[in-house]
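Trainee: Shown below is the structure under consideration.
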């Protein structure tokens, strides 16, 4: 027995804003009052993975298989549930968007295949309730979009008075920290007013963009909030294909080296630079959060996937081309090949899937994505935006921050573990003539000057998103995620030293600096994270090639486009120097920033 109904809603906003609302299936599900559910994944003999869900609605215990959803971002999506328990056999939701210029419309069809009269009665009640709820939610979303509010659906959570007071006291305790940045109350408001979907895995980079605040300020706020007890943190290892967390740990030392993703049926290793993420959630003392799914398979779960479509064996399909020029990855949802594509517009290449093989062919017709499954098993094609890492606070990034070093010195790797990190920039500094300074002004006064200069360097490095790894003699070893941050910090250090000397009535503090970018490994030495490798050694030796007030940079460092732009403002000289341990001289660039 089949029961179905179609709904049409018009929306006073462009179609891309409507898509952001109706495709955000997890938030839509929570706002609609649907119960959360748990899932399990089962590998099939043909290499595909089936997803099963289970929950209770009233007196009905429901269990179902949840096939992969199909969608083309901005155009349509389709979801199915195949029930093995309950009065309904199958439920299908089809959503199609219509572009009306400055306005838009959505047509939604809900279809139930029922096992009995009881199932038919239940389906009709659900259809009637859905129409009113969908209209209500769309009206709310429309009002919030008109008000330029980033939150589509507010939470109905009301914290108990004692819990709210506890949270306010924790926020007050943050204000004495240099890492609060006036954002503690904003964070508490975010925790109390947002849906649980927003709180399961809070990403400070995404939240910084939403708040229109500096990313480092928000990261530091989150780190300090963990120490204060407002937030909890965990290390997540993300699957490189589906980007879902497949293993979590509270400390780096507990991270597994290898992980298996049941959904993608692949094994992969943890990688500090790409798939080890530091994520956050509210402390249960501030807001208890119950984990589960409101939707497991819709486009809102994986918004980086722009197109997803399941093809039976031998089938071809033409999909609307709804991609902005950019970098994409073409793959199957199942284990198999993946192809990187830098698409700059025009005709899109034809896509052929055969088993685990994915290949790109000649150009398809204008305005379409042509796909073909040449294999003998069903395959789900995926086209995803490769920029999905932009919101991930990777271990490589967060461990280069001074706030992390200050607040989480206990976060270390297991003894003997080595983690490769790519594209780290290192800085070494040293005082020129420090021995003569100690002899001239005495040990006590010289030691005081050295300590003051360490504090100054630490402040400058932190403000430029770096961290002091350790002090080395009368200098520091610092690490930065990007070369331009390191160069700006080095320039500020050199420009600040004359004023530092005037304030202390001395002319004895003169610094030389070395900068280099390269690969390294992160290890635990003396119970702290440290870096080791040729890049570190070369940076230390570059520092010794300069003179007081100079910055000496490697060719690899100078080749960075952002560095080149900064150097254009300075008088630079290129020379060759002999480096201990290297057979041939190397080219370096030196500048002496004016005060």
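Trainee: Angle between the Cα long axis of helix 443-463 and the longest principal axis of the chain, 0 to 90 degrees, nearest 10?
Mentor: It works out to around 30 degrees.
Trainee: With viscosity set to 1.002 mPa s at 20 °C, what whole-number translational diffusion coefficient in µm²/s follows for segment 2-146 from Stokes-Einstein and a Kirkwood radius over Cα pairs?
Mentor: Working: Rh = 16.4 Å.
Reported coefficient: 130 µm²/s.
Trainee: Would you mind ranking 13, 156 so that the residue whose beta carbon has the fewest other beta carbons within 10 Å leads the list? If you can, show how the numbers build up before the last one.
Mentor: Values: 13 16, 156 10.
Exposure proxy ranking, most exposed first: 156, 13.
Trainee: Give the distance, in whole Å, between the Cα centre of segment 338-367 and the Cα centre of segment 383-405.
Mentor: The two parts, judged by their Cα centres, are 29 Å apart.
Trainee: Let me ask you something else. Given R₀ = 45 Å, FRET efficiency for residue 135-residue 360 by Cβ-Cβ distance, to 0.05? List each step's numbers first, then the result.
Mentor: Values: r = 43 Å, r/R0 = 0.95.
Approximately 0.55, to the nearest 0.05.
Trainee: Is the shape of segment 305-389 best called rounded, prolate or oblate, per the rule: a/c under 1.5 gives rounded, else a/b larger than b/c gives prolate, else oblate, with a ≥ b ≥ c the square roots of the Cα gyration tensor eigenvalues?
Mentor: oblate
Trainee: On to the next question. As a test of the formula, what do you get for the chain when each DSSP H run with n ≥ 4 contributes -39,500 (n - 2.57) and the sum is divided by the residue count, at 222 nm and rounded to the nearest 500 deg cm²/dmol? Mind dumping the intermediate values first?
Mentor: Numbers: 15 runs with 172 residues, N = 595.
The per-residue figure over the chain is -9000 deg cm²/dmol.
Trainee: Something else: With 10 angstrom as the radius, rank 222, 500 by how many other C-beta atoms surround their C-beta, starting from the fewest.
Mentor: Values: 222 26, 500 16.
Arranged by neighbour count, lowest to highest, 222, 500 become 500, 222.
Trainee: Give me the number: length gained by fully extending residue 105 to residue 164, i.e. 0.36 nm times residue separation minus the C-alpha to C-alpha distance, one decimal in nm.
Mentor: Details: separation 59, 0.36 × 59 = 21.24 nm, distance 4.08 nm.
Once the chain is fully extended between residue 105 and residue 164, it gains 17.2 nm.
Trainee: Using 0.36 nm times the number of residues separating residue 186 and residue 340, minus their current alpha carbon distance, what extension gain do you get?
Mentor: That pair, residue 186 and residue 340, stretches by 51.5 nm at full extension.
Trainee: Given labels modelled 7 Å from the Cα in the Cβ direction, how far is it in nm from residue 556 to residue 200?
Mentor: 4.0 nm
Trainee: Going 7 Å from the Cα of residue 96 toward and past its Cβ, which residues in segment 309-336 have a backbone nitrogen under 20 Å from where you end up?
Mentor: From segment 309-336, the list is 309-311, 316-323.
Trainee: Take residue 82 and residue 59, extend 7 Å from each Cα along the Cα→Cβ direction, and tell me the distance between the two endpoints in nm.
Mentor: 3.0 nm
Trainee: Okay, moving on. Enter the angle in degrees (range 0 to 90, nearest 10) between the Cα long axis of helix 184-193 and the first principal axis of the Cα atoms of the chain, meaning the one along which they spread out most.
Mentor: 10 degrees
Trainee: In Å, the Kirkwood hydrodynamic radius of segment 464-595 over pairs of distinct alpha carbons?
Mentor: On the way: mean 1/r = 0.0644 Å⁻¹.
That comes to 15.5 Å for segment 464-595.
Trainee: Can you say what percent of the DSSP beta bridges in the chain, counting only those with both residues inside, are antiparallel? Round to 5.
Mentor: So the antiparallel bridges amount to about 95 percent of the total.
Trainee: Starting with the fewest neighbours, write out 461, 558, 289, 218 ranked by other beta-carbon atoms found within 10 Å of each beta-carbon. Write out the running numbers ahead of the final one.
Mentor: Values: 461 27, 558 20, 289 17, 218 24.
Exposure proxy ranking, most exposed first: 289, 558, 218, 461.
Trainee: How are the alpha carbon pair distances in segment 186-266 distributed across 10 Å bins from zero to the largest one, expressed in percent?
Mentor: Calculated P(r), rounded to whole percents: 15, 41, 32, 11, 0.
Trainee: Which entry in [x] 197; [y] 156; [z] 348 is this structure's computed volume of the Cα convex hull per residue in Å³?
Mentor: [x]
Trainee: Considering the zone a paramagnetic label at residue 12 would reach in this model (a point 7 Å from Cα along the Cα-to-Cβ line), which residues of segment 112-150 have amide N under 16 Å from it?
Mentor: Only 136-149 pass the distance filter.
Trainee: Based on the Cβ-Cβ distance from residue 578 to residue 267, what FRET efficiency comes out when R0 is 41 Å, to the nearest 0.05? Could the numbers behind the result be given before it?
Mentor: Numbers: r = 46 Å, r/R0 = 1.12.
For residue 578 and residue 267, the calculated efficiency is 0.35.
Trainee: Measure nothing fancy, just the Cα-based angle from helix 534-543's long axis to the longest principal axis of the chain, in degrees from 0 to 90, nearest 10.
Mentor: Once rounded, one gets 40 degrees.
Trainee: Place a point 7 Å from the Cα of residue 172 along the Cα-to-Cβ direction; which residues of segment 268-303 have their backbone N under 20 Å from it?
Mentor: Of the residues in segment 268-303, 283, 285-287 have backbone N under 20 Å from the label point off residue 172.
Trainee: Could you compute the FRET efficiency for residue 506 and residue 210, with r as their C-beta to C-beta distance and R0 at 56 Å, rounded to 0.05? It would help to have the intermediate numbers written out before the result.
Mentor: Numbers: r = 47 Å, r/R0 = 0.84.
Between residue 506 and residue 210 the formula returns 0.75.
Where a number appears in this text, it was derived from the coordinates with a stated rule and is not lab data. From a predicted model like this one, the values you see are computed outputs, not experimental measurements. Using ideal geometry, Cβ is built from the backbone for each residue, glycine included, and neighbour counts are taken over all protein chains shown.
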